[in-house]
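Since every read-out is calculated from the coordinates, none of them should be taken as a lab result. These numbers were taken from a predicted model, which means no experiment stands behind them. Don't worry about glycine lacking a Cβ; one is built from the backbone with ideal geometry, like all the others, and counts go over all protein chains shown.
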Amino acid sequence: MPEGLKNFKIKKILKEVWDWDKVLVISEYQPNAIWSVNRAMERNSTIVALSQIMVLIEAKIKGGSIDAGLKTLKFNKALFAPVYEGMPEEASGNKYLLERGAHPLKRKKETLKANLDRMFEIFAAYDNNFNKTLFD
């Protein structure tokens, strides 16, 4: 969160499906800290550092989402960005990130659902390396 935990609220759209057994809410700020642009940008670095893979659905050419995407690439983490016909202006940053090394996230022709095969390959490789100890 780019603010303190005392400011956390479950969004209305999520209330019906919210499950505290499946969610972790964290903040690196004081409990009463209020939202700010600087905190949101700092938070992006934390999100990337804690992630194995990032999926960026829509990034404008400026703003927090593209900042997170660029940081993902800078930290040599896998970044996926959807590619589809008629992408809106809100997704103009997707092309920019794809040109800089993001993996394209496309639909499978057979199912018309997201093709996550490459993502699972990266996860598997990460798991194989992550489970090693200093003595392996």
Volume per residue, Å³, of the convex hull around the alpha-carbon atoms of region 53-130? 86 Å³
How many Lys pairs in region 53-130 lie less than 14 angstrom apart by Cα atoms, where the lysines are 8 or more positions apart or on different chains? 4
The set of residues whose placed amide H lies less than 5 Å from the amide H of Phe80, leaving out same-chain residues fewer than 5 positions away, is Met54, Val55, Leu56, His103
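Taking the Cα centre of the chain as the origin, how large is its charge dipole in debye, to the nearest 20, when only Lys and Arg (+1) and Asp and Glu (-1) carry charge on their Cβ atoms?
Roughly 240 debye for the chain.
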If all Cα-Cα distances of the chain are sorted into 10 Å bins from 0 onward, what percent lands in each bin, rounded to whole numbers? 11, 30, 37, 19, 3, 0
Would you mind putting 1-14, 85-98, 68-81 in packing order, based on average other-beta-carbon counts within 10 Å, highest first? 68-81, 85-98, 1-14
